[in-house]
Amino acid sequence: MTDIEQYKITEQPFYAEQEDEIALYEAAYAARLPVMIKGPTGCGKSRFIEHMAWKLGKPIITVACNEDMTASDLVGRYLLDANGTRWLDGPLTVAARIGAICYLDEIVEARQDTTVVIHPLTDHRRQLPLDKKGELVNAHPDFQLVISYNPGYQSLMKDLKQSTKQRFSALDFDYPQPQVETEIVAREADIDTDMAEKLVKIAHAARNLKGHGLDEGISTRLLVYAATLINKGIETKAACRMALVRPITDDADIRSTLDHAIDSIFG
Amino acid sequence: MYTEQIQAYRDKLQCNFPQIEECFEDYVKDCLRNLSNQGIEHYLSGASLICMIGRGWEPVMIYLEEMPAIAHRLGEPVLKMVSQCVWDMSRTPNGNAIPPFMQCLPEATRRLGTLEQVQRFIAIIFDMMEKTTGSIHGFHTTIPSPGLTELLNHSPYLLNQLSLEGLKNWIDYGVRNYNNHPERQQDYFSLQSADSKAMLQRERHGTLYMDNERQLEMYLRSMWEDEAYFVPYSPGFDELRKPVPYYDHLGIRVPDVYDDFNGVSGLNRYRITIAHIAAHRKWTTAIIADNFSPFQRLAIEHLEDSRVEYLMLQAWPGLRKYLLALHPKPVEGACDTEKESCVRHRLAMLSRAILDKNHGYSNPLILDFVERFYQAVEKAGSSTKEMADIAVLFTARSRLQSDQSPHIRFEDTMVDYRDDNRHMWMFIEEGDEEEAFDDKRETDIEEHELDGLPPRHYAEWDYATQTHKPDWVSLYESIHPSASAATIDAILDKHKDLAKQLKRILDMLKPQQFVRVRYQEEGSELDLDVAIRSLIDYKCGAQPDPRINMSHKHDGRDIAVMLLLDLSASLKDIPPGATQSILQLSQEAVSLLAWTIEQLGDKFAIAGFHSDTRHNVRYYHFKGYSEHFDDTVKARLAAMDAAYSTRMGAAIRHASHYLENQSADKKLMLILTDGEPADIDVDDDQYLISDTKKALDEISSNGIASYCISLDKKADDYIQDIFGPGGYSVIDNIEKLPEKLPLLFTALTS
């Protein structure tokens, strides 16, 4: 049988609560309601789920969705071996069997016809039919489905079906408030608050450009990267350029504007 | 009359104008100070040469007067060079330009500084002179250059604004475009015409606003969370009173060009100006002005400027180095309180002292008020009101008798990134006049409803200079008038056999949304047939094929098409051997094509164009992307008419901006034309051809493919130059067009 322990989180992942999302999530889990986490990239969605899994003491199985993913990647497939074929459970099936939290990261990246397989697990049935194997898996009582979803870069092509959306309760995430974000950056990268505060200010300058040449602003994750580089002794401005500006854009005008913002902050 | 020595020099100058005698002694003394003996020889022989040209005493006098200083600065070879140039110039019909030429030399020397530069300058002037001097029957040059005198008269200003390179470009442009038009040439070189100014702007040194517009908008948005219109103004043409930045409800006015200054780049100067204005917008509240005297207001404005800058530096400390570099540093005691009014000087010192901790001033009043300022702002940033109180106190304490003097010291007091602060004042009374109650009547300006949209301006490519002519073409767009849609239905009916045939082809083209890809080593599913075969191989001991999976992929058609029709007058011709005009045939072809594409479901728009000089390019919508091929569209097609000429570049640029906004994997612009690009205001065939080529290059860099269907049998001469090999088809048998066009389209897009 599958080793449950490997999916458990042993150390507490650091998470700073933004509003009341921890209580909301706990309530949703108590009722085993499927949860959808919305928010821009790098704002702490995955970290939140990890933190909650740790808090609830449940195993978590994460699937990073992509365009090539098919239903059998989630549910399972027959593989060849010396004696013929052998069934291998996919991550979703494993989670349903062992009672884990199944976290489908960036669900919109998967094609719409793929995501339909989660439907029977997300309503009152809580079942997963494996039609190729001729088996009906009844979900473990602890099983919960969580998806994350970034509405920021959704194109017309990449959106969830209404029938999928309406099976979930949803939590809206955004980049944390400046004080909270400062605290997070300072804590994660172990730098002083003053420096973290300045980094957050640069992030805000970039986030103001969202929709005006930038698809997404500088994320909290990138701020932590920058802070980590600074902590390693890299010169501040160089670290900011490397971790904050260069990754997010190739647009020369935006680069120059953000470089100037960095220059204006650090002098 | 002269001393012996001077008489000796006088004898060497072979020139007998009486006007010379009066000043000759002074000139020689000047020479003796500035030139070597050899130089004086050249100087006098040069003057003699100029005397011989027979243009009166004026050129000689200017030469005698100006050359010693010029030669002193540039070296003595310049003496000979200038006299030779004047001699050369006198051998052309441009003798009238000699005095202005001589007069512009001192300024040119001052600006350019070296002999080489001045030589280049003179070469540029002579080049222009040769090109614009007219001749009759191409034989003798007989007509003087119309623009030369104007050019020379304006050269000090031009040299002030342009580098030599820029000057050359500016002159070349004028010569090229107005060589056959004396009045316009004069307008151009006297800086009267609009494109003369536009070209000047483009060639100016410094950082142009236009080049950085997007960045500056981003700057305002990202660092100041603010947005506003920017309106550039030109400080170049206002010599007396330089305009300063300001903002009002219509937008932020900024200069159109900034030179680098004191180590701060032009772009950063823009940023600082915008930062200052943004800080005002964020932190300044307007106060009532009526009860303050002008001096008090001046002081309040200075302190408020300092306050918003203080707050700005709290947020963005890195800006301080730029402010320090840009803010003038008035020297303490430089202003003489006996002779001039030191109001501005004092305030500038105060402002500097607030900004710069190392100001080094010792004036106790200034120091006291710097202290007061900081006490105020360190409490939560203070307010405009509080600044007003401090400023009133400062004005009262620092008042001097001489403040009223008309001689105000301006030196080192102009902070050029600051705006004029008009936004911080509210006036209760409009003016002081008692009789002003008779308020001006509201005048109703009748606003005329415009027919159609305002013109769009497009640049045009000039292959001769390899530059774009800015805003050269005006394009008016409108919806094409309508006629009866039944005409088009009749056409479709007429070709129903063809339509049936097309339908068969289309069915094969219809997109298959989901395709299975077999024989994959890695795939989404096991392909059982192959898998079993492999397993058999495996069991038999043979090498099994590992490609036993299959996967699926989408195979959709995602194309946006723009059909651009040339509606020039030649379409009305009936080609030899045909019974219908090209226009009618095009109409049929377009109807069929539209029907075809509608069947396929691709995104599709139709537009037509023709032109009547660069000032009037017409662009007509037949069908938009959101419209279906229904009766409205058919009615417009039915009314299709032809007139004027074919200025293709602007139409392509305009059509491409619609196509760019479509989201599709492939974008295709189909151009249906019956001849080469041409217009009545263009003599050079190659010009519009190269512009069209350039326009296509531009759109192809935006991911738009282009394809031309030409009905011109002689198109081979030029069409490949424009559309490149494989980018066009020439349809010889025009009667076949209705049949060919849809087939061509399907072949292109399948």
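The values are calculated or read from the model by the stated rules, or taken from the named source; none is laboratory data. Remember, predicted model here, so these are calculated numbers, not experimental data. Heads up, the Cβs are rebuilt from the backbone with ideal geometry, glycines too, and the neighbour counts pull from every protein chain shown.
For this structure, a couple of remarks:
- Within the range B:410-421, tally of residues that are touching a strand residue (DSSP E or B) at 6+ places or on another chain (Cβ under 7 Å) and either exposed (fewer than 12 other Cβ atoms within 10 Å of the Cβ) or closer than 14 Å to B:GLU340 by Cα (or both): 0
- Residues satisfying the stated conditions in the range A:216-240, i.e. free of Cβ contacts under 8 Å to residues at least 24 places away in the same chain and basic (Lys, Arg): A:LYS232
- Note on the range B:193-208: among residues that are part of a helix (DSSP H, G or I) and in contact with a helix residue (DSSP H, G or I) (Cβ under 7 Å, 6 or more places away or on another chain), the one that is farthest from the other protein chains (Cβ to nearest Cβ) is B:SER196.
Listed here are the residues, each with its yes/no results for (1) surrounded by 19 or more Cβ atoms within 10 Å (Cβ to Cβ); (2) modelled with pLDDT of 85 or more.
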position	(1), (2)
B:ILE20	no, no
B:ARG33	no, no
B:SER45	no, yes
B:TRP57	no, no
B:ILE62	yes, yes
B:GLU65	no, yes
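- Filtered by the rule that a residue be in contact with a strand residue (DSSP E or B) (Cβ under 8 Å, 6 or more places away or on another chain) and crowded, with 17+ Cβ neighbours inside 10 Å, the range B:714-736 gives B:ALA715, B:ILE719, B:ILE722, B:PHE723, B:TYR728, B:SER729, B:ILE731.
- Those residues of the range B:678-721 which are under 18 Å from B:SER656 (Cβ atoms) and charged (D, E, K, R), in sequence order: B:ASP691, B:LYS693, B:LYS694, B:ASP697, B:GLU698
- All of B:GLU213, B:GLU183 fail the test of being assigned to a helix (DSSP H, G or I), within 14 Å of chain A (Cβ to nearest Cβ), among the acidic types (Asp, Glu) and surrounded by fewer than 16 Cβ atoms within 10 Å (Cβ to Cβ), apart from B:GLU213.
- For the range B:14-43, a residue qualifies if it is closer than 18 Å to B:VAL78 by Cα and either part of a loop (DSSP other than H, G, I, E, B) or charged (D, E, K, R) (or both), and the qualifying residues are B:ASP30, B:ARG33, B:LEU35, B:SER36, B:GLU41.
- Residue within the range B:460-478 that is touching a Leu at 6+ places or on another chain (Cβ under 8 Å), hydrophobic (A, V, I, L, M, F, W, C) and surrounded by 15 or more Cβ atoms within 10 Å (Cβ to Cβ) present: no
- Positions within the range A:106-146 being surrounded by 16 or more Cβ atoms within 10 Å (Cβ to Cβ), part of a strand (DSSP E or B) and in contact with a Lys or Arg (Cβ under 8 Å, 6 or more places away or on another chain), in sequence order: A:VAL137, A:GLN144
- Considering (1) at pLDDT below 90; (2) closer than 24 Å to B:THR284 by Cβ; (3) of a type in the set (D, E, K, R), the lone condition that B:ARG372 does not fulfil carries the number (1).
- Flag for B:PHE629 being in contact with a Ser or Thr (Cβ under 9 Å, 6 or more places away or on another chain) and within 25 Å of B:GLN599 (Cβ to Cβ): yes
- Of the residues making up the range B:83-101, just one is free of Cβ contacts under 8 Å to residues at least 40 places away in the same chain and among the β-branched types (Val, Ile, Thr), namely B:VAL86.
- Among the residues listed as B:ALA678, B:ALA651, B:ALA664, the single one being modelled with pLDDT of 80 or more and more than 22 Å from B:HIS610 (Cβ to Cβ): B:ALA664
- Counted as qualifying within the range B:608-713 are the helices (runs of 4 or more DSSP H) with 1 or more residues that are touching a residue at least 40 places away in the same chain (Cβ under 8 Å), over 24 Å from the mean Cα position of the chain (by Cα) and surrounded by fewer than 21 Cβ atoms within 10 Å (Cβ to Cβ), namely B:631-638, B:685-701.
- Restricting the first member to the range B:102-117 and to residues that are within 20 Å of B:CYS51 (Cα to Cα), and the second to residues that are buried (at least 18 other Cβ atoms within 10 Å of the Cβ) and among the β-branched types (Val, Ile, Thr), the beta-carbon pairs closer than 6 Å and six or more apart or on different chains are B:MET102/B:ILE62.
- Residue match in the range B:730-737 (condition: assigned to a helix (DSSP H, G or I), in contact with a helix residue (DSSP H, G or I) (Cβ under 8 Å, 6 or more places away or on another chain) and β-branched (Val, Ile, Thr)): yes
- Residue count, the range A:78-137 (criterion: at positive phi and among the hydrophobic types (A, V, I, L, M, F, W, C)): 0
- Residue within the range B:329-342 that is assigned to a helix (DSSP H, G or I), crowded, with 16+ Cβ neighbours inside 10 Å and either more than 14 Å from chain A (Cβ to nearest Cβ) or not hydrophobic (A, V, I, L, M, F, W, C) (or both) present: no
- Note on the range B:738-750: residues that are among the hydroxyl-bearing types (Ser, Thr, Tyr) and either assigned to a helix (DSSP H, G or I) or in contact with a strand residue (DSSP E or B) (Cβ under 7 Å, 6 or more places away or on another chain) (or both) total 2.
- A:GLY39 vs. criteria crowded, with 16+ Cβ neighbours inside 10 Å, on the phi > 0 side of the Ramachandran plot, in the same structural domain as A:LEU145 (by TED's automatic domain parsing) and of a type outside the set (A, V, I, L, M): yes
- B:LEU298 being closer than 18 Å to B:VAL343 by Cβ, in contact with a Lys or Arg (Cβ under 9 Å, 6 or more places away or on another chain) and more than 14 Å from chain A (Cβ to nearest Cβ): yes
- Members of the range A:222-244 that are of a type in the set (D, E, K, R) and either over 17 Å from A:LEU258 (Cβ atoms) or not assigned by TED's automatic domain parsing to the domain that holds A:LEU258 (or both): A:LYS232
- Any hit, the range B:540-547, residues being surrounded by 17 or more Cβ atoms within 10 Å (Cβ to Cβ) and either out of contact with any helix residue (DSSP H, G or I) (no Cβ under 7 Å at 6 or more places or on another chain) or within 14 Å of chain A (Cβ to nearest Cβ) (or both): yes
- Here B:THR114 clears all of (1) buried (at least 18 other Cβ atoms within 10 Å of the Cβ); (2) over 21 Å from B:SER48 (Cβ atoms); (3) hydroxyl-bearing (Ser, Thr, Tyr) except the condition numbered (1).
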